[in-house]
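Comments concern the structure below.
The values are calculated or read from the model by the stated rules, or taken from the named source; none is laboratory data. Nothing here was measured: the structure is a model prediction, and the numbers come from that model. Please note: Cβ atoms are built from the backbone with ideal geometry, for glycine as well, and neighbour counts cover all protein chains shown. Heavy atoms of the whole protein, side chains included, go into the accessibility calculation; ligands, DNA and RNA do not. Shrake-Rupley method; radii C 1.70, N 1.55, O 1.52, S 1.80 Å.
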Amino acid sequence: MTIKHASAMPAPTWSWLKMNNVKIEIPDGLERNCQVEIDAGDALDNAASFEGSVASLQERMDAARAEAPADGRAMIDAATGADRGAEKLDVPALSAYEHRAVRSEIACDIASDFETGVGTDIRAYLNFLAGGTAVLAAEEDEDAEAAIRVTTRAGEASGASVDIVAAPRSTFSVTLSLDSSADAPSFMGSTMRVFADRGARVDITVYLTASDAVTCVEDSGFVLAEDARVTVRHVVLGGAFTATGLSADLRGDRSRIDVDTSYLASGAQQRDFNYVIRHRGRKTVSNMDANGVLTGISKKCLRGTIDLVHGAKGAEGNERETVLLASRGVDNKTIPNILCDEDDVAGNHGATIGHVRPEQLFYAACRGLSQEQTEALFLSAKLEDAALRAPDEAVRANVVRLGNQIIPHFEEEIA
């Protein structure tokens, strides 16, 4: 099975370079076998729901809009087909993307605007594999924790589907581990919907430590209400092909999301990332930071989109990436993208992409290190950092196991 147009950027800005989206190939003949463990205590299967929380936020937004003045921009007339009489020549022509964006602004429908980073097709497939959606909820002013573990065996497909709901002023810490040592083609993944209500704090840590035989997808979508804050940490270390996608709707004023991504790819592995953050509330803040190492003939594509929607006055979005190309055979694509329909905003992006210089390789060779051993040093540093910052001993053990497969005696080096 092939899932086409996954992890697509909102606007086809880079379609001419054929990197606006990606195809995900699901290995043939896999047996469906859901292998998911959730440890969440009282937070599991709470009466709260993602849909109900979104509906409550929608009521607040509709009440605020009822008191706002009518939007008389020409773009609104162009999208609705309104007749402006003598001023008709002032109505602009809109692209297909612009038309959809303006219609979304007019409707202001949170549920309809909701999206996940990889897309609806992969979310439907993961829901099928999971056989249902688990709901984890933190009560108002409560602190909650949850650990989710997804694995798969050779020749099998496994997936998790989880909704996370953080009530007003609650704090929710979630760890997601995607791990498999399968030695034959297999698939695993997770899809997650997250709602952070007024003043809530949500921290999500994702570790992906699969073997070279596994195709893995990690998909998530976020809705943030007023003053909510979300922190996401992605650590992608293994897997033959991995797709990591995140989409965030900063709907409430002063909401904030920080996304920190650490990755490595070796051999012929492929990494694909797609991050879309839409600023709709006033004085919202987003930060996307990525840091990775590529060796062998690996490939990586990272699409990062900051969308500063009309009305998001005072919003600030930042995206940065640092990539070390430790081998001449790697293929790196870094695609920052900023969309803007508001004047009182700030959008910044930057990338630092560097090779290991010949004089550095010569220095290492003079000390008896081959090029392969030198590349292994960079991989070891990334793996060691992931092991030291692992959220629990089980995840740390997964990192060490993967490290031993890539670098001989890795466990002894970090002992």
Using modelled amide H (1.01 Å from N, peptide plane; none on Pro or chain starts), what sits under 5 Å from the amide H of Thr244, excluding residues fewer than 5 places away?
Glu218, Asp272, Phe273, Asn274
Could you work out the per residue convex hull volume over the alpha carbons of segment 88-244, in cubic angstrom?
130 Å³
Cut-off 10 angstrom, C-alpha nodes, Gaussian network model of the chain. Which of Ala101, Ala68, Ala200 fluctuates the most?
Ala68
For Asp307, which sequence-distant residues (separation of 5 or more, or a different chain) have an amide H within less than 5 Å of its own amide H, given hydrogens modelled in the peptide plane?
Ile277, Arg278, His279, Leu339
Applying a 10 Å radius around every beta-carbon, put 310-321, 235-246 in order of their mean neighbour count, most first.
235-246, 310-321
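Give me the Kirkwood hydrodynamic radius of segment 256-334, using the inverse of the mean 1/r over all pairs of distinct Cα atoms, in Å to one decimal.
So the Kirkwood estimate lands at 13.5 Å.
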If you add up the charges near Val400, with Lys and Arg at +1 and Asp and Glu at -1, over every other residue whose beta carbon is less than 11 angstrom from its beta carbon, what do you get?
-3
Quick check: pseudo-label points 7 Å beyond the Cα along Cα→Cβ at Asp39 and Arg169, how many nm apart are they?
3.1 nm
Over the chain, the sum of -39500 (n - 2.57) across DSSP H runs of at least four, divided by residue number and rounded to 500 deg cm²/dmol, gives at 222 nm -7000 deg cm²/dmol
Once Ser15 and Glu98 are pulled to full extension, the length gained, defined as 0.36 nm per residue separation minus their Cα-Cα distance, is 28.3 nm
Taking the chain as the region of interest, what is the percent of Cα-Cα pairs per 10 angstrom bin, listed from the shortest bin to the one with the maximum distance?
5, 22, 31, 25, 12, 5, 1, 0
Arranged from highest to lowest average of other beta-carbon atoms within 10 Å per residue, in what order do the peptides 57-67, 401-411, 288-298 appear?
288-298, 401-411, 57-67
Enumerate the amide H contacts of Thr322 below 5 Å, restricted to partners 5 or more residues apart or on another chain; note that Pro and chain-start residues carry no placed amide H.
Ala290, Asn291, Gly292, Thr352
Projected-area average for segment 86-155 over all orientations - Cα convex hull basis, square nanometres:
9.7 nm²
How many angstrom lie between the Cα centre of segment 1-67 and the Cα centre of segment 240-295?
14 Å
Of the convex hull drawn through the C-alpha atoms of segment 1-159, the volume per residue in Å³ is 167 Å³
With all protein chains in place and a 1.4 Å probe, Glu412 shows an accessible area in Å² (nearest 10) of 130 Å²
